[in-house]
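The values are calculated or read from the model by the stated rules, or taken from the named source; none is laboratory data. On a predicted model such as this, the values are computed, not experimentally measured, just so you know. Cβ sites come from the backbone with ideal geometry, for glycine too, and all protein chains shown count toward neighbours. Just so you know, the surface numbers come from the protein's heavy atoms only, side chains and all, with ligands and any DNA or RNA stripped out. Shrake-Rupley method; radii C 1.70, N 1.55, O 1.52, S 1.80 Å.
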Amino acid sequence: MARRILVSGASGLIGTALRSALAARGDQVVRLVRRPPSGADEIRWDPTAGHVDVGQVEPVDAVVNLSGAPVGRRWTPRYKHELLESRVHTTRTLVQHLDRLGERVPLINASAVGVYGSDRGEEELTEASDPGHTFLADVVKAWELEACAAQDGGRRVALARTGLVLTSDGGALGPLLPLARLGLGGPIGSGRQWWPWISMEDEVRALLHLVDEDVHGPVNLVSPGSARQVEVARALGRALHRPAVVPTPAAALRLALGELADDVLGSQLVRPAVLEQTGFVWRHARLEDAVRQVASPWHDLTVRP
């Protein structure tokens, strides 16, 4: 049976792909927008003011919150404030209006593996692991705390702790693909750091899994095929038929990215324990398969059920 799914952040990289996947399987997508709505499938909201225009809206069957300023920019003091507030305000506003959107409507809230901190070395991290103490970890903890307020009254809340999404349209590989095509996509820093990655198709399929299944709490949205950064660089080089040996020194990365470089250079060996326990099946469990698809100029971004 077709369902009505409310999505915030629906025009972002992941939101656009999720919206297409929901529509392809017959669900009706209702978008939260900050401009005047252009149709019955849009609801205007102002998260900074804490307002959602839900007066005449029919109930929905689930809410997926993907709102938040992009992490991959230089973290000036002003932008660090935006990173935090763009997540806290949007989530708080949604939680305050959930009862008006439907009785006990479940909330699938975006989150990030950044909650574990920037460098955990060889430690295996699951959803039960302790959080880290970096700036990004503090942002994610505050973000998840706002989402968990929706659990009052027995509502289901799933926290989608996304890793590095591999897609040619941006994401983790966005700035690396042009360099890789020039044969300059070698290791970053030592290259030994673990990168918790997931293909865009599996990212969207995992979000659909959280919409459909009775899954609660934190969920690591990463592939079971963990890889070190140098392995990602080499796999991308092979897919593009280019060398991947020119390193990016850690000092140069810190000069270019500032504080964000610590998260790029850090190591997170993240395991998707909850996805495995709840029967999720990856389309791209192997790094080579995911990178080959991303590197192809003809790759199909359609998310198949």
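On the principal axes of its alpha-carbon atoms, the chain has extents of 58, 39, 38 Å, going from largest to smallest. Ratio of Rg to Rh for region 1-78: 1.02 [Cα atoms; Kirkwood radius as inverse mean 1/r over pairs].
Quick one: among Asp262, Asp46, Asp152, which has the greatest mean-square fluctuation in a GNM of the chain with alpha-carbon springs under 10 angstrom? Its mean-square fluctuation being the largest, the pick is Asp152.
Computed from phi, the 3J(HN,Hα) profile of region 268-281 under the Karplus parametrisation 6.51, -1.76, 1.60 (θ = phi - 60°) reads 9, 8, 9, 10, x, 4, 5, 4, 5, 5, 9, x, 6, 10 Hz, with x in place of Gly and Pro. Applying 0.36 nm per residue to the separation of Asp46 and Ser190 and subtracting their alpha-carbon distance, the gain on full extension is 47.5 nm. Using only side-chain charges placed at the Cβ, +1 for Lys and Arg and -1 for Asp and Glu, the dipole size of region 182-303 relative to its Cα centre rounds to 680 debye. Of the residues Pro243, Pro218, Trp282, the one whose Cα sits farthest towards the positive end of the charge dipole of the chain is Pro243 (charges of +1 on Lys and Arg Cβ, -1 on Asp and Glu Cβ, taken about the Cα centre).
Solvent exposure of Thr16, expressed as accessible area, is near 60 Å², computed with a probe of 1.4 Å over the protein chains only.
Take the chain with all the other protein chains still there, run a 1.4 Å probe, and you get 45 Å² of accessible area per residue. Note on the chain: GNM, Cα springs under 10 Å; of Ser111, Ser129, Ser267, the largest mean-square fluctuation is that of Ser129. Net charge of the neighbourhood of Asp262, taken over other residues with C-beta under 9 Å away and scored Lys/Arg +1, Asp/Glu -1, is -2.
Legend: Rg and Dmax of region 174-273, from Cα coordinates, 15.5, 46 Å. Rounded to a whole number, what % of the accessible area of the chain do carbon and sulfur atoms account for, probe 1.4 Å? Within the chain, the accessible surface is 53 percent carbon and sulfur. Ellipticity at 222 nm from helices only: DSSP H runs of n ≥ 4 in the chain, each -39500 (n - 2.57), divided by the residue count, give -11000 deg cm²/dmol. Using Cα centres only, tell me the gap between region 2-26 and region 243-302 in whole Å. Result: 23 Å between the Cα centres. Local charge for Leu22 was computed over the other residues whose Cβ lies under 12 Å away, with Lys and Arg +1 and Asp and Glu -1, and equals +2.
Its convex hull of Cα atoms gives region 1-148 a direction-averaged projected area, equal to a quarter of the hull surface, of 10.3 nm².
Would region 217-267 count as rounded, prolate or oblate if I go by the C-alpha gyration tensor, calling it rounded below 1.5 in a/c and otherwise prolate when a/b exceeds b/c, oblate otherwise? Since a/c reaches 1.5 but b/c is at least a/b, the shape of region 217-267 is classed as oblate.
The charge dipole of the chain, taken about its Cα centre with unit charges on the Cβ atoms of Lys, Arg (+1), Asp and Glu (-1) only, comes to about 860 debye. Global dimensions of region 89-195 from alpha-carbon coordinates: Rg and Dmax equal 17.6, 55 Å. GNM on the chain, alpha-carbon springs under 10 angstrom: the most fluctuating residue among Ala256, Ala142, Ala206 is Ala256.
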